[in-house]
Amino acid sequence: MTYDLMVNGKTYAVDVDGDIPLLWVLRDTIGLTGTKFGCGIAMCGACTVHVDGVAMRSCVMPVAEAASKQVTTIEAIGNTEAGARIQKAWLDIDVVQCGYCQSGQIMSATALLAANPKPTDDDIDAVMAGNICRCGTYPRIRAAIKLAAEA
């Protein structure tokens, strides 16, 4: 079946089964590889994208469910005010170590700032708890979110 996906402000007509996860359509059909595969069961956060402004796990979201919604990936998150602030803070704090989880981390952090411009430590911990970083950059992630909130 053909679905019209609105991704990063552009419409893509994709001919795929409706139950294919959005992640694989983004990566393999459209060619946007910034969104990563981690666990496949929505537990690690590496596949986080925004769907109508809400952070969602694309590894478990059927493409048919995303078809009528605005999808934003890491490739375009810097075009938003909160995303640009988060990306700058990530660089200023030097958050990244291996980098594999970082697109999901940035997507979750951006959704947090867009919804709550002045998050507390508890707010940050609650939202970011679903994003796993094997390198343990959690203190730098929290510091970057605080820096972005102050900007």
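Against the criterion of being of a type in the set (Asp, Glu), at pLDDT 95 or above and part of a helix (DSSP H, G or I), Asp17 does not qualify. Cβ separations smaller than 9 Å between residues 6+ apart or across chains give the following pairs from the stretch 112-136 residues that are under 17 Å from Met43 (Cβ atoms) to residues that are of a type in the set (D, E, K, R) and crowded, with 19+ Cβ neighbours inside 10 Å: Gly130/Arg57.
Scanning the stretch 91-101 for residues that are in contact with a Lys or Arg (Cβ under 9 Å, 6 or more places away or on another chain) and closer than 14 Å to Arg142 by Cα, which turns out surrounded by the fewest Cβ atoms within 10 Å (Cβ to Cβ)? Let's see the steps before the verdict.
Taking the stretch 91-101 as the starting set, the residues that turn out to be in contact with a Lys or Arg (Cβ under 9 Å, 6 or more places away or on another chain) are 93-98, 100-101.
In the following step, the residues that additionally are closer than 14 Å to Arg142 by Cα were identified as 93-96.
Values: Ile93: 19, Asp94: 11, Val95: 25, Val96: 19.
By that ranking, first place goes to Asp94.
Filtering the stretch 96-151 to residues that are of a type in the set (Asp, Glu) and within 20 Å of Thr80 (Cβ to Cβ) leaves Asp123, Glu150. Residues that are part of a strand (DSSP E or B) and under 18 Å from the mean Cα position of the chain (by Cα) were ranked within the stretch 5-14; the one that is surrounded by the fewest Cβ atoms within 10 Å (Cβ to Cβ) is Lys10.
If you go through the stretch 95-109 and keep only what is under 14 Å from Ala42 (Cα atoms) and among the polar types (S, T, N, Q), you end up with Gln105, Ser108. Condition first: surrounded by fewer than 22 Cβ atoms within 10 Å (Cβ to Cβ) and in contact with a Leu (Cβ under 9 Å, 6 or more places away or on another chain). Can you find one or more residues in the stretch 135-146 that meet it? Looking through the stretch 135-146, none of the residues is surrounded by fewer than 22 Cβ atoms within 10 Å (Cβ to Cβ) and in contact with a Leu (Cβ under 9 Å, 6 or more places away or on another chain).
One line per residue, one yes/no per condition, for (1) buried (at least 22 other Cβ atoms within 10 Å of the Cβ); (2) free of Cβ contacts under 8 Å to residues at least 24 places away in the same chain:
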position	(1), (2)
Thr2	no, yes
Ile30	no, no
Met43	no, no
Val63	yes, no
Glu75	no, no
Arg85	yes, no
Ala89	yes, no
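Residues being surrounded by 15 or more Cβ atoms within 10 Å (Cβ to Cβ), among the charged types (D, E, K, R), under 21 Å from Ala111 (Cβ atoms) and not assigned by TED's automatic domain parsing to the domain that holds Met107 are entirely absent from the stretch 48-55. Sort out which residues of the stretch 28-84 are outside any helix (DSSP H, G or I) and charged (D, E, K, R), and write them in order of number. Residues satisfying the conditions are Lys36, Asp52, Arg57, Lys69, Glu75.
The values are calculated or read from the model by the stated rules, or taken from the named source; none is laboratory data. Worth saying up front: this structure is predicted, and the values here are computed from it rather than measured. FYI the Cβ positions are ideal-geometry reconstructions off the backbone, even for glycines, and counts take in every protein chain you see.
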